[in-house]
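*Asks:* Right, I'll just put the structure down here and ask away after.
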Amino acid sequence: MQAIVYACQQAKLDPIPLLQQAQIAPSQLENPDARITAWQFERLSDLAMRALDDEALGWFERRLPWGSYGMLARASISSPTLGVALQRWCRHHNLLTEAIALKLETRDGLASLSLTERQDLGLLREFCLVSVLRNAHGVACWLIDSRIPLQGVQFPLAAPAHQEVYPLLFPGPVHWGSSPACLRFDARYLNLPLARDEAALRQMLQRALPLTVLQYRRDRLLVQRVRQVLAADPAAHHSAEALALRLHLSPRTLHRQLKEEGASLQALKDEARRERAISLLHRTQRPIKQVAHESGFSNDKSFIRAFKVWTGQSPAEFRRSARQGG
């Protein structure tokens, strides 16, 4: 709110009528602890962008006229995958301003969307960094109709007094004092096809600002992400609470979203144990008791019972038939 008011004042535009239209009492400007709702923020941003004819709200060396970010979305909507769409988003955004540069990179299974500052952003620096990254993340989620959990976010800023609001905008670990500003997520999301078309884009652009505030519930890669964690250490207990914490979810949300995807945590645990056991029986000469332990079973008897349910054979029979088949 304070940053939007400052942008208006810099442009010699009285912000009071805009605040009133957004149902924000001007007296709140004097209160450093004042908070506004998501609706009020959306309304105030929309009014200010239109009044200033600047979707960047004074961040850059020149205005981004109303419709600039819609143009970026239109340039990306025909992409086959999210990775191509974000590459286009970065390339075209870099044509709009010289003040910042966006870049998408992948390394060690992580995608990184970074923002490098090329000019002094002044008092609007934090507002710019947060808004540009949150906007790109929101659009990315919308394009594939999925929540994209963040593995980490960093900003080249000292932690502000209002840092407690950052997890609402960037769910995941937030780090301060590191350059450049960037957000990181599982690179597999880049391979997902876009789930939107031109008709959906036209509808979205009528109210695009909620994308910068609201979070998606559905995660189209949740099952794969759970499988990855379980496969990394199938012998671990992996309680719903510990797994949810690692994935930045609540246990209730974890169970609900898995159910929506036609899966369950117990079934995925069994799958990880089965694959681990089969791999060990194929590749090693380890005793059945050791295979049971490394597959997450407390004793070999429960392992043998489960393995017969999975394959119709005991572990020993499976190992013998595998050797004979080879």
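*Asks:* Tell me yes or no: at least one residue of segment 185-195 is outside any loop (DSSP other than H, G, I, E, B) and among the hydroxyl-bearing types (Ser, Thr, Tyr).
*Replies:* Yes.
*Asks:* Checking Ser79 against (1) of a type in the set (Ser, Thr, Tyr); (2) in a loop (DSSP other than H, G, I, E, B); (3) farther than 30 Å from Leu221 by Cβ, which single condition isn't satisfied?
*Replies:* Here Ser79 clears every test but (3).
*Asks:* Something else: Only one of (1) at pLDDT 95 or above; (2) in a helix (DSSP H, G or I); (3) of a type in the set (Gly, Ala, Ser) is not met by Gly70, so which one is it?
*Replies:* Every condition holds for Gly70 apart from (1).
*Asks:* Continuing with this model, one more query. If the requirement is being closer than 24 Å to Met1 by Cβ, in the same structural domain as Tyr69 (by TED's automatic domain parsing) and in a strand (DSSP E or B), which of these qualifies: Val130, Val165, Val153, Val139?
*Replies:* Val153
*Asks:* Just to be sure before I move on: is Arg305 modelled with pLDDT of 90 or more and either surrounded by 14 or more Cβ atoms within 10 Å (Cβ to Cβ) or part of a loop (DSSP other than H, G, I, E, B) (or both) in the structure I sent?
*Replies:* No; evaluated as a whole, the condition is false for this residue.
*Asks:* Of the conditions (1) closer than 25 Å to Leu258 by Cα; (2) without any contact (Cβ under 8 Å) to a residue 40 or more places away in the chain, Leu190 clears all except one; give me its number.
*Replies:* Status for Leu190: all satisfied but (2).
*Asks:* Give the residues of segment 65-83 that are of a type in the set (S, T, N, Q) and in contact (Cβ under 8 Å) with a residue 24 or more places away in the chain, sorted by residue number.
*Replies:* Ser68, Ser76, Ser79, Thr81
*Asks:* Being touching an Asp or Glu at 6+ places or on another chain (Cβ under 8 Å), in the same structural domain as Arg319 (by TED's automatic domain parsing), over 21 Å from Gln313 (Cα atoms) and not aromatic (Phe, Trp, Tyr) is true for just one of Gln257, Gln266. Which residue is that?
*Replies:* Gln257
*Asks:* Between a residue in segment 1-21 that is closer than 15 Å to Glu55 by Cα and surrounded by 18 or more Cβ atoms within 10 Å (Cβ to Cβ) and any residue that is hydroxyl-bearing (Ser, Thr, Tyr) and at pLDDT below 90, which pairs come within a Cβ distance under 8 Å, given they are 6 or more apart or on different chains?
*Replies:* Ile4/Ser45
*Asks:* Considering each residue of segment 247-259, count those that are farther than 14 Å from Gln224 by Cα and either touching a strand residue (DSSP E or B) at 6+ places or on another chain (Cβ under 8 Å) or at pLDDT below 85 (or both), and give that number.
*Replies:* Qualifying residue count, segment 247-259: 2.
*Asks:* Of Leu86, Leu82, Leu57, which residue is at pLDDT below 95 and not aromatic (Phe, Trp, Tyr)?
*Replies:* Being at pLDDT below 95 and not aromatic (Phe, Trp, Tyr) holds for just one of Leu86, Leu82, Leu57, which is Leu57.
*Asks:* Within segment 193-209, is there a residue that is under 16 Å from the mean Cα position of the chain (by Cα) and among the hydrophobic types (A, V, I, L, M, F, W, C)?
*Replies:* Yes - at least one qualifying residue is present in segment 193-209.
*Asks:* Tally up the residues in segment 233-263 that are touching a residue at least 60 places away in the same chain (Cβ under 8 Å) and in contact with a Ser or Thr (Cβ under 7 Å, 6 or more places away or on another chain), please.
*Replies:* 2
*Asks:* Another question, then. Report yes if Arg62 is loosely packed, with under 14 Cβ neighbours inside 10 Å, touching a residue at least 12 places away in the same chain (Cβ under 8 Å) and either out of contact with any Phe, Trp or Tyr (no Cβ under 6 Å at 6 or more places or on another chain) or farther than 24 Å from Arg202 by Cβ (or both), otherwise no.
*Replies:* Answer is yes for this residue.
*Asks:* Looking only at segment 101-147, count every residue that is among the polar types (S, T, N, Q), in contact with a strand residue (DSSP E or B) (Cβ under 6 Å, 6 or more places away or on another chain) and closer than 21 Å to Asn191 by Cβ and tell me the total.
*Replies:* 2
*Asks:* Is it true that Ser179 is in a loop (DSSP other than H, G, I, E, B), more than 28 Å from Glu275 (Cβ to Cβ) and not aliphatic (A, V, I, L, M)?
*Replies:* Yes: the conditions hold for Ser179.
*Asks:* Inside segment 199-233, can you point out the residues that are modelled with pLDDT of 70 or more, surrounded by 14 or more Cβ atoms within 10 Å (Cβ to Cβ) and assigned to a loop (DSSP other than H, G, I, E, B)?
*Replies:* Asp219, Arg220, Leu221 - these are the residues of segment 199-233 that are modelled with pLDDT of 70 or more, surrounded by 14 or more Cβ atoms within 10 Å (Cβ to Cβ) and assigned to a loop (DSSP other than H, G, I, E, B).
*Asks:* May I pose another question? Check Ser298 against each of (1) among the small types (Gly, Ala, Ser); (2) in a helix (DSSP H, G or I); (3) loosely packed, with under 14 Cβ neighbours inside 10 Å; (4) at pLDDT 85 or above and name the one condition it does not meet.
*Replies:* (2)
*Asks:* Kindly list, by first and then second residue, each pair from a residue in segment 138-150 that is more than 10 Å from Leu82 (Cα to Cα) to a residue that is assigned to a helix (DSSP H, G or I) and among the aromatic types (Phe, Trp, Tyr), limited to pairs with Cβ atoms under 6 Å and residues at least 6 apart or on different chains.
*Replies:* Within 6 Å, the pairs are Ile148/Tyr189.
The values are calculated or read from the model by the stated rules, or taken from the named source; none is laboratory data. Predicted model, so just to flag it, every value in this text is computed and none were measured. Methodologically, a virtual Cβ is constructed for each residue, glycine included, from the backbone with ideal geometry; neighbour enumeration extends over all protein chains shown.
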